[in-house]
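Peer 1: One structure, as structure tokens, below. Some questions next.
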Amino acid sequence: MKTTTLYSLFAAALCILCHQPVSAEVQAPKQEKMPWEDPAYQMVIPATMATPRPEAGVEEGWTLWMEHHNNRCRWVAEQEVDLLMVGDSIVFGWSRKGKPVWDEFYGKRKAVNIGSSGDRTKHMLWHFRNGGLAGMKDRNPKVVLVMIGTNNRGIPELHGYDTAYGILALLKEIHAQLPKSKVLLMPIFPRGNTPQDQGRIRNNEINKIIKTYVDDKTVYWLDIGHVFLNEDGTIKKELMPDGLHPNIPGYRVWAEAMEPTIKKMLGES
């Protein structure tokens with residue numbers, strides 16, 4: 001069966017599951033485990049199909065991705081890691097324009113950034129499943145921060161469920177390989193200049209779903225997206241000029257907003 005057919009079947013089933021009411025007589029028993037506790041992957045959809053970059057026949061915009069993959073594998077193997085940051089270009093930016101702020105807040109901590117510019121969930125999943133976390137298997141980080149998904153090309157009628165499942169796949173992999181680590185799951189930052197931006201709407205839909213993965217025992221939730229918004233919901237251009245990526249002041253506001261939670265989770269306070 002073709003992948004596109006499988007994806008269509010998944011989309012139809014997911015729409016039914018997500019939008020059809022369930023009568024009291026046929027409700028499933030209360031779930032005892034969180035969905036990320038099972039490392040199995042049963043869905044064949046783009047968001048969970050582990051894929052490296054650049055993909056065959058597809059321009060993904062970063063030909064050095066495989067070198068970056070190898071470097072990230074080496075970074076976590078050669079040093080002790082207490083705080084691991086996972087994400088796309090927004091997280092990757094800590095090592096570029098946000099570097100001065102990173103040095104100030106995390107330079108003296110055992111922190112490593114394995115963000116990857118342009119990555120979708122399937123790319124980070126491939127990195128995880130091909131040695132990306134292996135260097136920490138005997139010394140799990142205290143905290144793994146995860147924020148990814150804005151690059152995923154979701155299907156509008158799924159209202160973010162496909163991308164959310166890709167994020168769930170990453171949580172499954174982290175928990176399977178780093179069972180002693182706590183995960184700080186962050187909603188995708190606001191995107192676009194106004195609340196009506198389709199990227200903003202899609203990300204908000206994803207965020208509502210992934211918040212249900214939180215149990216405050218292993219997976220924690222920290223939403224600081226409001227710091228990038230004006231009262232009317234428009235983006236603060238002085239913090240996120242392109243409506244997507246923070247600048248240096250933006251990374252500083254981000255770090256300051258996270259600091260109490262990071263300190264608590266690292267056991268510093």
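Peer 1: For the stretch 163-269, give the percent of accessible area contributed by carbon and sulfur heavy atoms, probe 1.4 Å, rounded to a whole number. Don't skip to the answer; put the middle values down first.
Peer 2: Details: 2470 of 4760 Å².
After summing per-atom areas, the C and S share lands at 52 percent.
Peer 1: Ranked highest first by the average count of other Cβ atoms within 10 Å around their residues, in what order do 200-213, 86-99 fall? Display every interim value, and only then the final one.
Peer 2: Numbers: 200-213: 18.9, 86-99: 20.6.
Going by the mean number of other Cβ atoms within 10 Å, highest first, we get 86-99, 200-213.
Peer 1: Carbon-plus-sulfur fraction of the accessible area of the stretch 65-123, 1.4 Å probe, in percent?
Peer 2: Values: 1060 of 2280 Å².
Of the solvent-accessible surface of the stretch 65-123, carbon and sulfur hold 46 percent.
Peer 1: A further question on this structure: Which net charge results for the neighbourhood of I235, defined as the other residues with beta-carbon distances under 11 angstrom from its beta-carbon, given Lys and Arg at +1 and Asp and Glu at -1?
Peer 2: Values: positive: R191, R200, K236, K237; negative: D197, D232, E238, D242.
For residues surrounding I235, the net value is 0.
Peer 1: Could you report the stretch 108-238's accessible area per residue, 1.4 Å probe, as an integer in Å²? List each step's numbers first, then the result.
Peer 2: On the way: 5420 Å² over 131 residues.
It amounts to 41 Å² per residue over the stretch 108-238.
Peer 1: How far apart, in nm, are the 7 Å Cα→Cβ label points at S95 and S269?
Peer 2: 2.8 nm
Peer 1: Continuing with the same structure: Roughly what percent of Cα-Cα pairs across the stretch 178-247 reach past 13 Å?
Peer 2: Details: 1592 of 2415 pairs.
Everything past 13 Å amounts to 66 percent.
Peer 1: Next question, about the same structure. My understanding is that a pair violates if its Cα-Cα distance is over 28 Å; which of K122/K263; K97/K142; K110/K208; K110/K217; K99/K263 do that in this structure? Don't skip to the answer; put the middle values down first.
Peer 2: Numbers: K122/K263 30 Å; K97/K142 26 Å; K110/K208 31 Å; K110/K217 22 Å; K99/K263 20 Å.
From K122/K263; K97/K142; K110/K208; K110/K217; K99/K263, over 28 Å: K122/K263; K110/K208.
Peer 1: Going by Cα centres, the stretch 234-263 and the stretch 201-232 are how many Å apart?
Peer 2: For the stretch 234-263 versus the stretch 201-232, the Cα centre distance is 15 Å.
Peer 1: Kirkwood Rh over Cα pairs of the stretch 48-194 into Stokes-Einstein at 4 °C, 1.567 mPa s: D in µm²/s? Working shown, then result.
Peer 2: Numbers: Rh = 15.7 Å.
It diffuses with D of about 83 µm²/s by this estimate.
Peer 1: Among 106-116, 162-172, how do they line up by average Cβ neighbours within 10 Å per residue, starting with the highest? List each step's numbers first, then the result.
Peer 2: Details: 106-116: 18.5, 162-172: 24.6.
Highest to lowest by the protection proxy: 162-172, 106-116.
The values are calculated or read from the model by the stated rules, or taken from the named source; none is laboratory data. Since this is a predicted model, take the numbers as computed values, not measurements. Quick reminder, even Gly has a Cβ in these numbers, built from the backbone with ideal geometry, and neighbours come from all protein chains shown. These area figures cover heavy atoms from the full protein model, side chains too; ligands, DNA and RNA do not enter into them. Shrake-Rupley method; radii C 1.70, N 1.55, O 1.52, S 1.80 Å.
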